[in-house]
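To start, the structure under review is shown below, and the notes come after it.
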Amino acid sequence: MNIITNHGPEQLDFNFIKEVKERSCQPVDLCYHCQKCSVGCQVASYTDFRPNQIIRMIQFGLKDELLKSTAIWLCVNCETCGARCPNGISVSAVTDTLREMALEEGVPAGVKNVPLFHQAFLNSVKSGGRVHEPTMLVRYKLKSGNLFEDMKMGIDLFKKGKLPLFPSRTKNKDQVKKIFDRVKGTGFSRCGQNFNSASIEERG
Amino acid sequence: MKFAYYPGCSLESTGQEFDYSIRAVSKALDVELVELPDWVCCGSTSAHATSHKLALALPAQNLVIAEEQRLDPVVPCSACYNRLKTAEHAIKTNDELRKQVESLLGCRFTGEVQTKSALEAFTKDVGLTAITKRVERKLTGLKVVCYYGCLTSRPPEAVAFEDPENPQSMDKLMKALGAEPLTWSYKTDCCGASLSITKADIVYSMTGRILDAAVEAGAQAIVTTCPLCQTNLETRRRGGIDIPVFYFTELMGLAFGLPDTNRWFKKHMVDPMPLVRSLTETG
């Protein structure tokens, strides 16, 4: 069965909805598109697809379009969609799953800097068990190339003593390292079932 | 009353005045806070946006420590609270997930501790009666809007401790301090803090909606319970808006007549002193 998209006819991929359902544990086939999620969505005016469109695209199996969309990276996970859905679907939980899938499959992010920020943040957690904002921000700036953006804000925060030079670290660093190592293994869904996947850490 | 205290990374940097004021008002109310030894970062948005497993394992590590201490953790930052509470909910309601997390951490959960946001701990456990008794200088004439943000309200089944669409605890607290909480429609909207560094253009528009609504409601200040919201609302704003954003604990400290309040207010990115001074003069 085919569906006509902006890029021409495409084969419907029913494996996609199965995978999203299994991993996110959200009943995405129950959606009847009342659009309460899209009306409440805080970022809908900035994304390429609105929450109920994301669900519709999953129902149609439009995996490639979704994994490269800006919507999955601009979702702020405020959970307004899930709180208001009459069918108990959290689109926010679904976007978490879609982002994981996009990273696993190496799909270039629709909003390049967002995953770069997450990576810088998690690297900071991995090295000290806690986030040290100044070094995390420098790492992110170097990766993203936005070196001088927000320079003034950074200086203002520094003057207020809000960007401490020395990091606070946990003595639990070995345990943190263990956690980061162990999450690389077999993945599990939001309801605890196993599946095979890679994590962002493995791709560095 | 005794709690475990999980400050989280923000309270050591951009949200320092939240940390200072929480410790001070707790002392004033005879609440003992024991900092969770060797706490680790909750992973925040970055963990749950990229790895479901990490998003449970990191906050759950802190629950393990709290269980060892046999104390309920009090978590001021809404993002940390959301992550710890979500992990607690997963562990307590789903045996499969509990086993998965136990094998990641190499531990066993007893499920005996209950994570609380600082707002919940003060308004429900300590209670408004005890808080009202401690007020020395009522904040009479101070018009505020209470901004709860998204992370203490949603997802409701896991994290909400009151009505997720129209929470009241902070409004009641402000009344108890003598301030006047105003009605507005943006209590649980999202300020976009998780995109603050990466998509500032979008965030300016999101904070703009909230700041404009606060001014339109006639508020002199916004009161919040989240260090990410506070920093975001004060730093990501276009020119011409000078409404300050307080942590609820700072206003408690002010109403209790605590000596350190000026030290907290000096940390703000939007100077709240003109408003504080006007209160002192009229009060």
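The values are calculated or read from the model by the stated rules, or taken from the named source; none is laboratory data. On a predicted model such as this, the values are computed, not experimentally measured, just so you know. Methodologically, a virtual Cβ is constructed for each residue, glycine included, from the backbone with ideal geometry; neighbour enumeration extends over all protein chains shown. Heavy atoms of the whole protein, side chains included, go into the accessibility calculation; ligands, DNA and RNA do not. Shrake-Rupley method; radii C 1.70, N 1.55, O 1.52, S 1.80 Å.
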Task: Every residue from region B:215-235 that is surrounded by 24 or more Cβ atoms within 10 Å (Cβ to Cβ) and either more than 23 Å from residue B:118 (Cα to Cα) or over 17 Å from the mean Cα position of the chain (by Cα) (or both) - done: none
TODO: Could you list, in sequence order, all residues of region A:171-204 that are at pLDDT 80 or above, loosely packed, with under 14 Cβ neighbours inside 10 Å and over 25 Å from residue B:93 (Cβ atoms)?
DONE: A:171, A:174, A:177, A:181
Task: Odd one out for residue B:178 among (1) on the phi > 0 side of the Ramachandran plot; (2) over 20 Å from the mean Cα position of the chain (by Cα); (3) within 14 Å of another protein chain (Cβ to nearest Cβ) - done: (3)
TODO: Please enumerate the residues belonging to region A:82-96 that are open to solvent by 10 Å² or more (accessible area, probe 1.4 Å) and either at the interface with chain B (Cβ under 8 Å from one of its Cβ atoms) or within 15 Å of residue B:53 (Cα to Cα) (or both).
DONE: A:82, A:83, A:90, A:96
Open item on the list: Cβ-Cβ distance below 8 Å, separation of 6 or more or different chains: which pairs start in region B:149-173 with a residue that is facing chain A (nearest Cβ under 9 Å) and at positive phi and end on one that is of a type in the set (D, E, K, R) and assigned to a loop (DSSP other than H, G, I, E, B)?
Closed with: B:149/B:189
Open item on the list: Any residue that is more than 14 Å from every other protein chain (Cβ to nearest Cβ), within 13 Å of residue A:57 (Cα to Cα), exposed (fewer than 12 other Cβ atoms within 10 Å of the Cβ) and within 23 Å of the chain's Cα centre (by Cα) - is there at least one of those in region A:18-38?
Closed with: no
TODO: Within region B:186-199, identify whether any single residue is within 28 Å of residue B:130 (Cα to Cα), without any contact (Cβ under 8 Å) to a residue 40 or more places away in the chain and within 19 Å of the chain's Cα centre (by Cα), and answer yes or no.
DONE: no
Open item on the list: Consider region A:97-115. How many of its residues are among the hydrophobic types (A, V, I, L, M, F, W, C), more than 8 Å from chain B (Cβ to nearest Cβ) and open to solvent by 20 Å² or more (accessible area, probe 1.4 Å)?
Closed with: 2
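Which helices (runs of 4 or more DSSP H) sit wholly inside region B:1-100 and have at least 1 residues that are surrounded by fewer than 22 Cβ atoms within 10 Å (Cβ to Cβ)?
B:16-28, B:52-69, B:78-93
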Task: Cβ pairs under 9 Å, 6+ apart, first in region B:255-283 and at pLDDT below 95, second surrounded by 12 or more Cβ atoms within 10 Å (Cβ to Cβ) and among the hydroxyl-bearing types (Ser, Thr, Tyr) - done: B:260/B:20; B:260/B:21; B:279/B:140; B:282/B:140; B:283/B:140
TODO: Consider residue B:219 carefully, then state whether it is in contact (Cβ under 8 Å) with a residue 12 or more places away in the chain, in contact with a Lys or Arg (Cβ under 6 Å, 6 or more places away or on another chain) and farther than 24 Å from residue B:8 by Cα.
DONE: yes
Task: Per-region count, region A:39-63, residues in contact (Cβ under 8 Å) with a residue 40 or more places away in the chain and either more than 14 Å from every other protein chain (Cβ to nearest Cβ) or assigned to a loop (DSSP other than H, G, I, E, B) (or both) - done: 9
Task: Hits in region B:114-152 - residues which are of a type in the set (A, V, I, L, M) and open to solvent by less than 10 Å² (accessible area, probe 1.4 Å) - done: B:118, B:119, B:121, B:131, B:139, B:142, B:144, B:145
Open item on the list: Can you find, within region A:133-165, the residue that is most open to solvent (accessible area, probe 1.4 Å) among those that are part of a loop (DSSP other than H, G, I, E, B) and without any contact (Cβ under 8 Å) to a residue 12 or more places away in the chain?
Closed with: A:148
Task: Residue list for region B:170-186, filter: surrounded by fewer than 24 Cβ atoms within 10 Å (Cβ to Cβ) and either in contact with an Asp or Glu (Cβ under 6 Å, 6 or more places away or on another chain) or in a loop (DSSP other than H, G, I, E, B) (or both) - done: B:178, B:181, B:182, B:183, B:184, B:185, B:186
TODO: Determine whether residue A:72 is more than 13 Å from chain B (Cβ to nearest Cβ), open to solvent by less than 30 Å² (accessible area, probe 1.4 Å) and β-branched (Val, Ile, Thr).
DONE: no
Task: Scope region B:196-246; condition more than 14 Å from chain A (Cβ to nearest Cβ) and within 22 Å of residue B:9 (Cβ to Cβ); matching residues - done: B:224, B:225, B:245, B:246
- [ ] All but one of (1) part of a loop (DSSP other than H, G, I, E, B); (2) farther than 23 Å from residue B:231 by Cβ; (3) open to solvent by less than 20 Å² (accessible area, probe 1.4 Å) hold for residue B:104, so report the exception by its number.
- [x] (1)
